Amino acid sequence: MIWDFAGEAVPPDVRDDLHRLLDDVCGGALGDSLRLMLDRFELDALRARTEHLLATGVLPEPDRDYHSYPWPTI
């Protein structure tokens, strides 16, 4: 995650991409391929995160109670 964009609105072209991703994961060929490699819970998490981004329209912010940055710094 690039935290420089945290709290900013999801750009319209990215929203369009997220809608396509959600459609493909839920019922398209991408979902079929991912089901061969990922656990059901991982796919559910991907779907939930995508739906959350679309519902809020805002890029997430780091959790203040958790170390959300790579450590040690690169």
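Bear in mind that the values in this text are calculations on the coordinates, not laboratory data. Predicted model, so just to flag it, every value in this text is computed and none were measured. When we count neighbours, we look across all protein chains shown, and the Cβ atoms used for this are built from the backbone with ideal geometry, even at glycine.
General observations
- Cα Rg, Dmax (largest Cα-Cα span) when computed across region 7-55, Å: 11.4, 34
- For region 35-74, the orientation-averaged shadow of the C-alpha convex hull comes to 4.6 nm² (one quarter of the hull surface).
- Span-rule helices in the chain, defined as complete DSSP H runs reaching 18 Å or more along the axis (Cα) with Kyte mean at least -1.0: 12-27, 40-56
- Dipole axis of the chain (+1 Lys, Arg; -1 Asp, Glu on Cβ), positive-most option in L59, L34, W71: L34
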